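A.B. asks: Take this structure first; my questions come after.
The values are calculated or read from the model by the stated rules, or taken from the named source; none is laboratory data. Keep in mind that this is a model prediction, so the values were computed, not measured. Every residue, glycine as well, gets a Cβ built from its backbone with ideal geometry; the counts of neighbours run over all protein chains shown. For the accessible areas, the whole protein counts, side chains as well, though only heavy atoms, and no ligand, DNA or RNA atoms are used. Shrake-Rupley method; radii C 1.70, N 1.55, O 1.52, S 1.80 Å.
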Amino acid sequence: MRGIWMLALGVSLAGCGLGSGGGDDEPSTAPPSSGLASRPANPGCIAPDTVGSTDIRWTAAFPQLPSLSGLVGLHQAPGDSSVFYAVRTSGLVQRFANQANASALTTVLNLSARVLDSGESGLLGFAFHPQYASNGQVYVYYTGGSPLTSYLSRIVRRGDGSLNAADEEILLQLRQPYSNHNGGQLAFGPDGFLYLALGDGGSGGDPDGNGQNTNVLLGKILRIDISHADADRGLPYAIPTDNPFAGGGGKPEIYAWGLRNPWRFSFDRVSGDLWAADVGQNEYEEINKIERGGNYGWNTMEGLHCYGGGSCNQTGLKLPVFEYNHSEGCSVTGGYVYRGSALPALQGRYLFTDYCSAKVWLLQPEPNNSYTAQMLTALSGNPSSIAEDNAGELYALSLSGSAGENIYQLTPGTSTPGSVAEHLSATGCVSASAPAQAVDAAVPYAINSPFWSDGADKERYAAIPDGSHISVQADGDMVFPVGSVLMKHFRLAGQLIETRLFMRHADGWRGYSYEWRADQSDADLLSGSKDKLIGGQSWHFPSGSECLQCHTAAAGFVLGPEAGQLNRSLLYARSGITANQLDTWQHIGWFSSTLTSTARALHYADPSDSTATLTARARSYLHSNCSHCHRPASAPVAMDLRHSTSFAATSTCNALPQTGDLGIADARLIAPGAVARSLLHNRLSRRDAYAMPPLASALADTAGASLIADWINSLTGCN
């Protein structure tokens, strides 16, 4: 009979990552198949272990605010970070200034006369419309009335700027069979649709089987189009055409099902992934990555385990990415993928907590799409929700607490062991006296199909700790050990402008940008992103969070060094030998095992190599420039541009655009033989808000766009 709070109511380097160079010219005894005689020792080019549980803390964010009992939500309006809006189960939405000394609350919406604030009922969800500044729309979800009913409503801001309960427009109402498991999260997705999480209706064990019954809305995540109405169905909202049951077979509002009580979901603001925490029954709590049409198992499964005495048929079920048992807590509270800047070590990792134990965990993605958990410092009290501000920083909310004790912000601690060097010359990866020269431990490498970087020349290096090894996956991706460093120098007109380090710390990968001084004597670590005019060209230095927008978990974080990219010859300056890079890395013992024939046969074409086929060149280009995001479990748009994916399976050929047609008549992602109708080429060719890749580039790759245009025009079909 446990819900969100239980009895405790009474008692979380594309463009940042290495060619030739490095080392002194000296005789070598390396065999002809290797560019180096032996593995170089690595005394210093190693990623420092910068983050541990002592490095973060939860700080009372607004210590002078009055008590906010029943606090379950904290929001900022789109484009306005000057104030916060606190959502309380009593039906109040109250505003206060985003200032540490804020002391006053202003009620902006009062639904208390309509809300039943008892147990797991009350005002549970609130969302600003993405265009709130212009249309004034907010959406609320609450339970009230007799018999108990859940309501999803819209309220439009009045001309005087106020929100008034008298203006409520009910969009959806749903009878609740029991008082618990009401779900309640509301959020707009990156597709512009409104999502709502609903519990199974309550009464432990889901005796009515609502979770698996697609003819009821309970135990589901819904998705609706609030910008239109559906006259045929008599609905004040429309049904997205790709909802699983839009054409019948179940309730058309359903996006995913098989959930017990999803208590807080969120969208990763970079990848668009939908994360949901589902409160368990008696033994296990779970975290899910929600996909359209996914069945998440309740009440056949509780976490990864069979529930009850049924047959436990798991066919077609989506199992959680993580679970924990009740020795760690008893009621999971979902959070967010961290995308702020105050704690770069947490970048790209999902953070969540538990209402009962107040423990906070981070999920670390692994290259095989599994996750491991790292526990951070616990909170005090009972965290009801995690909140995210417009900058991506995170807050923990408490249902109860005296003045100033309801909102805690995740902040850096006072300890910063093993910090990254402020100057490139001190990193251990370059000569201290000549920072343009890599140390011997940093092995040079080159790739077949480079990422476009606004015409800059690049030199690439890799270093791994002594005694460690790289494992090569079946698809050629490489898993680098903790402590690894990838270094890349950028030059324009022969001058060094930037060096990027991509490091695997004990808690994950992070990127760092060093800006070269005008006299070329050294490069200095930047604290965030920066734009600079260099020789008449605008150059963008990415922040650490921007690095991880390309170096995604789905792509294994490391992008350039993969078997198909490294399968080429390189002149090693230290030995004077030209040799295949895979052979060299194998010879010096960098690989954990002998390369398989499958991995050894992988080879990506150089897009500028006119002797390679047009298709090979184009697919290699798309792999290196686009596939880090456009692959399964990454970008929200269903496109798979990996080199290994057949063209017919890329979900691009004659596919309708999913995020707008940019004014192109009869647009398709790729229209065979018709580049003018192909959005993929259009986005590659521009550098505005619709450009792809979407960041860290001010100049379009005209040669690359021309290659893709020739390839699209050569296509005669989808096979």
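A.B. asks: What value in Å³ per residue do you get for the convex hull of the alpha-carbon atoms in the chain? Provide the component values of the computation, followed by the final result.
C.D. replies: Working: hull volume 128.1 nm³, N = 719.
Convex hull volume per residue, Cα atoms: 178 Å³.
A.B. asks: Could you tell me the extents of the stretch 628-707's C-alpha atoms along the three principal axes, largest first, rounded to whole Å?
C.D. replies: 30, 28, 24
A.B. asks: Over the heavy atoms of Cys45, what accessible area does a 1.4 Å probe trace out, to the nearest 10 Å²?
C.D. replies: 0 Å²
A.B. asks: Once you keep just the Cα pairs under 8 angstrom separated by 6 or more residues, what percentage relative contact order results for the stretch 169-255?
C.D. replies: Averaging sequence separation for qualifying contacts and normalising by length gives 22 percent for the stretch 169-255.
A.B. asks: Inverting the mean 1/r over all pairs of different Cα atoms, compute the Kirkwood radius of the stretch 502-615 and quote it in Å.
C.D. replies: After inverting the mean inverse Cα-Cα distance, the result is 17.6 Å.
A.B. asks: Can I ask one more? Which number do you get for Rg(Cα) / (2.2 N^0.38 Å) in the stretch 70-226? Don't jump to the answer; show the numbers that get you there.
C.D. replies: On the way: Rg = 15.9 Å, N = 157, 2.2 N^0.38 = 15.0 Å.
Scaled against compact globular proteins, the figure is 1.06.
A.B. asks: Of the listed pairs Lys220/Lys359; Lys251/Lys289; Lys289/Lys359; Lys318/Lys359; Lys458/Lys488, which have alpha-carbon separations greater than 18 Å here?
C.D. replies: Values: Lys220/Lys359 27 Å; Lys251/Lys289 21 Å; Lys289/Lys359 21 Å; Lys318/Lys359 26 Å; Lys458/Lys488 6 Å.
Distance filter (> 18 Å) returns Lys220/Lys359; Lys251/Lys289; Lys289/Lys359; Lys318/Lys359.
A.B. asks: Also, quick follow-up: Compute the separation of the alpha-carbon centres of the stretch 578-606 and the stretch 96-113 and state it in Å as a whole number.
C.D. replies: 61 Å
A.B. asks: Which of the GluC sites (Glu not before Pro) found in the stretch 338-441 are loop residues per DSSP with 13 or fewer other Cβ atoms within 10 Å of their Cβ?
C.D. replies: Answer by residue number: Glu422.
A.B. asks: Hey, got a sec? Which trypsin sites (Lys or Arg not before Pro) in the stretch 162-268 land in a DSSP loop and have at most 16 other Cβ atoms within 10 Å?
C.D. replies: Sites meeting the loop and neighbour criteria: Arg233.
A.B. asks: What is the extension gain from Lys530 to Ala60, computed as 0.36 nm multiplied by their sequence separation minus the C-alpha to C-alpha distance, in nm to one decimal?
C.D. replies: Net length gain for the segment: 166.1 nm.
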